[in-house]
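Encoded as structure tokens, the structure appears first; notes follow it.
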Amino acid sequence: MRKILIGAVITLAGVLIFRSCSEDNSNKALIKEESMLIQQQISQVGKLVVTEGHFAEVYNYKDSQELFGALITADKKALVVVNAEVTVAYDLSLLKFDIDSTSKTLHILSVPAPEIKINPDFEYYDVTADYFNPFSAEDYNKIKRNVRTSLLKKIAASSLKRNAENRLMSELAKFYVLTHSMGWTLVYQKTPVLSLKDLKLTD
């Protein structure tokens, strides 16, 4: 009778150990599968053009050179009308993240800086120049540099970058939905994202 009882205990212990190992391996396989799915979803996101804008600029270019001192000057000038298409994009393939399968946490470590592309169309009006101070390639390059600087200031003062950041948050919200549906936690800027409201920008 004792032998039968000992045998039954050993058998039961073996079954419990086997079941425990099977469940543990199953959990590890599931977590590994979830980790690969999250990584795959992030890797599939490429360059994201989040917003576009149109800017117009009227630029007056003037340049004077003194001849024989300040008595005589050679002047040149141009009226330039610029229409520029501006796009703001994020290359999310450069997104830095870490997947902690032990705690089932996706850490978004850093987001790449926005890429601002300006495609200007220049139209020159009222271009005049003295014989001793003609227009050169450097003048046109200087006009382009000055216009770009001016446009960047306008972009910074506009809502374009803010709109781009809001669109970026909308994309990051997809990662929250994915992780939340699998029982994972999304951490952005070292802060756990507990709801979609945590990914909305505040004024």
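Restricting attention to the range 186-198, does a residue exist that is in contact (Cβ under 8 Å) with a residue 40 or more places away in the chain, surrounded by fewer than 16 Cβ atoms within 10 Å (Cβ to Cβ) and touching a Pro at 6+ places or on another chain (Cβ under 8 Å)?
No, the range 186-198 contains no residue that is in contact (Cβ under 8 Å) with a residue 40 or more places away in the chain, surrounded by fewer than 16 Cβ atoms within 10 Å (Cβ to Cβ) and touching a Pro at 6+ places or on another chain (Cβ under 8 Å).
Test residue 165 against the criterion of being acidic (Asp, Glu) and under 18 Å from residue 38 (Cα atoms), and give yes or no.
Working: acidic (Asp, Glu): yes; under 18 Å from residue 38 (Cα atoms): no.
So residue 165 fails the test.
Select from the range 167-185 the residues that are touching a strand residue (DSSP E or B) at 6+ places or on another chain (Cβ under 8 Å) and in contact (Cβ under 8 Å) with a residue 60 or more places away in the chain and write down the one among them that is farthest from residue 98 (Cα to Cα). First the steps, then the outcome.
Residues of the range 167-185 touching a strand residue (DSSP E or B) at 6+ places or on another chain (Cβ under 8 Å): 167-168, 171-172, 175-176, 179-180, 184-185.
The next check asks that each one be in contact (Cβ under 8 Å) with a residue 60 or more places away in the chain; those that pass are 167-168, 171-172, 175, 179, 184-185.
Details: 167: 22, 168: 19, 171: 18, 172: 15, 175: 13, 179: 13, 184: 13, 185: 12 Å.
My answer is 167.
Return yes when residue 141 is part of a loop (DSSP other than H, G, I, E, B) and over 25 Å from residue 92 (Cα atoms) and no when it is not.
On the way: part of a loop (DSSP other than H, G, I, E, B): no; over 25 Å from residue 92 (Cα atoms): yes.
Taking the combined requirement at face value, the residue does not satisfy it.
Of the numbered conditions (1) surrounded by 12 or more Cβ atoms within 10 Å (Cβ to Cβ); (2) assigned to a helix (DSSP H, G or I); (3) modelled with pLDDT of 90 or more, residue 149 satisfies every one except a single condition; which is it?
(1)
Could you list, in sequence order, the residues of the range 171-185 that are assigned to a helix (DSSP H, G or I) and either over 18 Å from the mean Cα position of the chain (by Cα) or surrounded by 14 or more Cβ atoms within 10 Å (Cβ to Cβ) (or both)?
Step one: filter the range 171-185 for residues assigned to a helix (DSSP H, G or I), giving 171-181.
Correct list: 171, 172, 173, 175, 176, 177, 178, 179, 180, 181.
Taking the range 93-122 only, how many residues are over 21 Å from the mean Cα position of the chain (by Cα) and either within 18 Å of residue 36 (Cα to Cα) or surrounded by fewer than 11 Cβ atoms within 10 Å (Cβ to Cβ) (or both)? I'd like the intermediate steps shown before the answer.
First pass over the range 93-122, keeping only residues over 21 Å from the mean Cα position of the chain (by Cα): 100-105, 120-122.
Okay, now just the ones that are also either within 18 Å of residue 36 (Cα to Cα) or surrounded by fewer than 11 Cβ atoms within 10 Å (Cβ to Cβ) (or both), so 100-105, 121.
So the answer is 7.
If you check 136, 103, 93, which single one turns out to be out of contact with any strand residue (DSSP E or B) (no Cβ under 6 Å at 6 or more places or on another chain), at pLDDT below 85 and on the phi < 0 side of the Ramachandran plot? Working first, answer last.
On the way: 136 fails: at pLDDT below 85; 103 fails: at pLDDT below 85.
Going through 136, 103, 93 in turn, just one is out of contact with any strand residue (DSSP E or B) (no Cβ under 6 Å at 6 or more places or on another chain), at pLDDT below 85 and on the phi < 0 side of the Ramachandran plot: 93.
Could you identify the single residue in 155, 143 that is in contact with a helix residue (DSSP H, G or I) (Cβ under 8 Å, 6 or more places away or on another chain) and in contact (Cβ under 8 Å) with a residue 24 or more places away in the chain? If you could, list the steps in order and put the result at the bottom.
On the way: 143 fails: in contact with a helix residue (DSSP H, G or I) (Cβ under 8 Å, 6 or more places away or on another chain).
The unique qualifying residue is 155.
The values are calculated or read from the model by the stated rules, or taken from the named source; none is laboratory data. Please read these numbers as outputs of a predicted model, since none were measured by experiment. Cβ coordinates were reconstructed from backbone atoms using ideal geometry, including for glycine residues, and neighbour counts include every protein chain displayed.
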